[in-house]
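The values are calculated or read from the model by the stated rules, or taken from the named source; none is laboratory data. None of the values given here were measured: they were computed from a predicted structure. In this analysis, Cβ positions are derived from the backbone assuming ideal geometry, glycine residues included, and neighbour counts consider all displayed protein chains. Please note that ligands, DNA and RNA were not included when accessible areas were found on the heavy atoms of the full protein model with its side chains. Shrake-Rupley method; radii C 1.70, N 1.55, O 1.52, S 1.80 Å.
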Amino acid sequence: MSRKQRKMLFRILLSAAIFVIGLLLPIHNIYLEFTIYLICYAIVGWDVIWKAIRNIAHGQIFDENFLMAIATIGAFCLGEYPEGVEVMLFYQIGELFQSYAVGRSRKSIRSLMDIKPDYANIEQDGKLIQVDPEDVSVGNTIVIQSGEKIPLDGIVLQGQSSINTSALTGESLPKDVTVGDQVISGCINQTGLLKVQVTKEFGESTVSKILDLVENSSNKKAKAENFITKFARYYTPIVVIGAILLALIPPLVSGGNWIQWIERALIFLVISCPCALVISIPLSFFGGIGGASKCGILVKGGNYLEALAKTEIVVFDKTGTLTKGSFRVVAAHPNEISQQQLLEYAALAESFSKHPISLSLKQAYGKEINHQRVSNVQEMSGRGVSAKIDGKQIYAGNDKLMNQIQVDWHMCDLVGTIVHVAVNGIYAGHIVISDEIKEDAKRAIVSLKQQGIQKTVMLTGDTQAVGEDVAKQLSLDEVHTQLLPSDKVDCVESLLQQKSAKGKLAFVGDGINDAPVLSRADIGIAMGGLGSDAAIEAADIVLMDDKPSKIACAMKISQKTLRIVKQNIIFSLGIKGLILLLGALGLTNMQAAIFADVGVMVIAVLNASRALYVNSVER
C-alpha cells in the first residue's frame, strides 16, 4: 500500500471512529450533533470538496466529485447529517479500494516489465567498472556476469551461457548462447561469463523499445473505452438536470413535500455516479494488455486487443512464421558444370545477403567467401540476385528471374525452394533448399479454428508445390504461392472483402519484409519480435518468440477481456437503472444509493482485475 493510500485509510478510520461515537452518544444538542458530524465529514471528504471546487473553476463541472459534493452537502442542508457522512465514507472506501486494485495491476505489469538494466560492465585496466547503459557506444565491449541482466543488444565475442528470456517471451526454458550468437537486452545471464560487442545504443535497444511500447499502450483506446468517456461526458449533466427536475416538478405540480423530493433527488445523484464504468472499463483493457505481456505478447493498445477478439480471417506468411526459416540445401542438380561450381556461383552471388536462403547456400558451399571476386551485386525483390563473379554474369533466383532474363530452366520434382543459376545467359542448374515446419504450427491452426476463425490463409513467394505441401500438412483453408511483396498486399486487399462488416482480418508475418502487409491488415501480428526492430515498429501486436500458438493465446486473452468489459457495462447500467427508478419513486434510501455507487464500483473493479491473470488453459 502506498503512502497516499495509508493516509486515506487513516482518515477513513478516524472519521469512522468519530462517526460511531456520534451515533452511540446520547446527544440532545443539535449544534453539538452538527459539529461532530461536520468534523467526520471534513476529515474524510475535504479532498472531494476541494477537487469539485477546483474542477468547477477550470470549467469541468460534471464529474463524480461534483455529484458527491452536491449529494452530501444537500444531506447536511436537510439535517440528515449521518446520511451525508455515510455517503462520503463509503465513497472514499470505494475510492481507496479502487486505487489499491489499480495499483496492484500497475505493479504487476511494472514487475513483469522490470527489465530495464541498472548498469553495464566495462573492462578498464583489468577491472570491471559499472557505467550507465546510456553511456555505452556501439562497438564497445561489455562484460555480463552470471546472474546479471543483459543491458544492451549485442553479439557474443567470448564465453558461453544460458540466458533467461522469460521477461520478454513468457517462456521458462533458458536459451543457450555461444560465440557469434546475438543476445538481447532485458534477458538474464544465468550461468557463464559473457563478453559482448554492443550493436545498438540503449535508446535503440530491444528493452528500450519494449518499455516504450508498454508505457504508451494506454494511449490507443478501444472503442468501448472511447464510448464510456463520451457516455460519461453526456450522462452526468443529464443526470444532474434530471435530479433538479425531480426536486422541483413534483412538488410544484402536486404541492407535495419539498424536503421529500429534494431527498429523492440527492439519492438520485448518488446512484447515478458513473464511477464503475469510468474506472473498470479502462482497467479491464489495461489488465488484458498486462496479462498478454506475461505470455510474451506485446499489444500496442486497447483498440488492437478489442479488434483481435473480432478476428474472422487469419493470414500467415510462410517463412519464419509457420516454418522455421532455417533452410538447408538438400539437393544440387548441375547442368554442364560441376555440383561444387554450381554451389560456388550461388553462394558468391548471395554472399552479401542475410536472407536465410543465402545463409544456407553459403553453408552448403562450406568455404570462405572471397568478396573481391564479386561485384555489381543487384537484388531483385521477389526474384533473386545478379552479380559479376570473376567477370562472368551470374543470375541466381526463382523461375520468374529465369523468365525475365529469357533463360530456359528445368523443372524439379523435389518439394522445396528452388534456386536456379544462370552463367552468361546459359542455364547452369538448380539447387533445392528445404525449410522445416515449426513444431507447434499445426496446433496453432487447430486452436484458431476451435476459437471460431472462419478462414486460415497462407501467402508465400515460394513455388506452388512447396506452398501446397505446407498448407496440406497444416490443414490450411487457402494458399497463394509465387507472390511478390506487392502481390501479398493485393491478396490481403481481396481477403478483406470476404469478411463481415464487423469482422477483422489479422496478418501474421516475421516483421522484417512484411511491413506493407502488416500495415494493410486490420491487425498486424509480428512473429519472432525478439531482437527485430522492424517487428516491434511495424506490427500492432508483437509475439516475442517464434511460436505461432501464441496467436491463439492472444485471441483468448482478447476475448476474455471483452467479456469482462461487457459484463461490467451490463451489470453497472442494470443495477444503476433499477435503483435510479426505485429512487425516483421513493422506494429506496441513501444506503441503497451508496451500494449502487460504491458497491457496484468495487464489484466492477474486482471483475476487471481478472483480465490481468492468465491461466494455463488460456496459455
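Quick notes
- Within the range 360-410, the residues that satisfy the criterion of being among the aliphatic types (A, V, I, L, M) and free of Cβ contacts under 8 Å to residues at least 40 places away in the same chain are Ile369, Val374, Val377, Met380, Val385, Ala387, Leu401, Met402, Ile405, Val407.
- Residue count for the range 109-124 satisfying the condition of being at pLDDT below 70, open to solvent by less than 70 Å² (accessible area, probe 1.4 Å) and in a loop (DSSP other than H, G, I, E, B): 2.
- For the range 423-449, taking the residues that are over 30 Å from Glu336 (Cβ atoms) and at pLDDT below 90, the one that is most open to solvent (accessible area, probe 1.4 Å) is identified as Glu439.
- Any hit, the range 322-329, residues being modelled with pLDDT of 85 or more and open to solvent by less than 20 Å² (accessible area, probe 1.4 Å): yes
- From Ala593, Ala584, Ala552, Ala608, residue being at pLDDT 80 or above and within 30 Å of Val87 (Cβ to Cβ): Ala608
- The range 467-486 - residue that is in contact with a strand residue (DSSP E or B) (Cβ under 9 Å, 6 or more places away or on another chain), touching a residue at least 60 places away in the same chain (Cβ under 8 Å) and in a helix (DSSP H, G or I) and, of those, nearest to Ala309 (Cα to Cα): Leu474
- Test: residue in the range 180-187 that is surrounded by fewer than 16 Cβ atoms within 10 Å (Cβ to Cβ), under 29 Å from Asp540 (Cβ atoms) and modelled with pLDDT of 85 or more: yes
- Contacts under 7 angstrom Cβ, first residue in the range 229-258 being within 20 Å of Gln60 (Cβ to Cβ) and in contact (Cβ under 8 Å) with a residue 60 or more places away in the chain, partner charged (D, E, K, R) and open to solvent by less than 90 Å² (accessible area, probe 1.4 Å), 6 or more apart: Thr236/Asp63
- Taken over the range 451-466, the criterion of being more than 20 Å from Pro516 (Cβ to Cβ) and modelled with pLDDT under 90 is satisfied by Gln451, Gly452, Thr463, Gln464, Ala465, Val466.
- Single unsatisfied condition, Ile144 versus (1) modelled with pLDDT of 90 or more; (2) surrounded by 15 or more Cβ atoms within 10 Å (Cβ to Cβ); (3) touching a Lys or Arg at 6+ places or on another chain (Cβ under 6 Å): (3)
- Any pair with Cβ under 6 angstrom, 6 or more apart, that starts in the range 301-324 at a residue that is touching a residue at least 12 places away in the same chain (Cβ under 8 Å) and ends at one that is assigned to a strand (DSSP E or B) and basic (Lys, Arg): Ala307/Lys504; Lys310/Lys504; Thr311/Lys504; Ile313/Lys455
- Any hit, the range 153-164, residues being crowded, with 21+ Cβ neighbours inside 10 Å, under 30 Å from Asn189 (Cβ atoms) and modelled with pLDDT under 80: no
- Count of the range 499-517 residues which are in a loop (DSSP other than H, G, I, E, B), open to solvent by less than 40 Å² (accessible area, probe 1.4 Å) and modelled with pLDDT of 80 or more: 1
- Check on Val492, touching a Ser or Thr at 6+ places or on another chain (Cβ under 8 Å), farther than 25 Å from Ser284 by Cβ and either at pLDDT 90 or above or in a helix (DSSP H, G or I) (or both): no
- Scan the range 168-179 for residues that are outside any loop (DSSP other than H, G, I, E, B) and either surrounded by fewer than 21 Cβ atoms within 10 Å (Cβ to Cβ) or modelled with pLDDT of 90 or more (or both) and the total you get is 2.
- Taken together, Glu312, Glu306, Glu336, Glu344 contain a single residue that is more than 14 Å from Ile433 (Cα to Cα), among the charged types (D, E, K, R), touching a Phe, Trp or Tyr at 6+ places or on another chain (Cβ under 7 Å) and surrounded by fewer than 24 Cβ atoms within 10 Å (Cβ to Cβ), which is Glu344.
- All positions within the range 388-441 that are of a type in the set (Asp, Glu) and closer than 15 Å to Asp462 by Cβ: Asp399, Asp435, Glu436
- Restricting the range 382-407 to residues that are among the β-branched types (Val, Ile, Thr) and in contact with a helix residue (DSSP H, G or I) (Cβ under 6 Å, 6 or more places away or on another chain) leaves a set whose member that is nearest to Lys324 (Cα to Cα) is Val385.
- Pairs with Cβ under 6 Å, 6+ apart, first in the range 189-218 and more than 16 Å from Lys149 (Cα to Cα), second crowded, with 18+ Cβ neighbours inside 10 Å and at pLDDT below 75: Lys209/Ile536; Val214/Met113
- Search result, residues across the range 349-381 that are within 18 Å of Ile433 (Cβ to Cβ), touching a helix residue (DSSP H, G or I) at 6+ places or on another chain (Cβ under 6 Å) and not basic (Lys, Arg): Glu350, Leu361, Ala364, Tyr365
- Hey, Glu478 over 17 Å from Phe507 (Cβ atoms) and charged (D, E, K, R) or not: no
- Filter result (among the hydrophobic types (A, V, I, L, M, F, W, C) and either farther than 20 Å from Lys324 by Cα or touching a Leu at 6+ places or on another chain (Cβ under 9 Å) (or both)) within the range 447-470: Ile453, Val457, Met458, Leu459, Ala465, Val470
- Subset of the range 51-70 (residues that are aliphatic (A, V, I, L, M) and at pLDDT 75 or above): Ala52, Ile53, Ile56, Ala57, Met68, Ala69, Ile70
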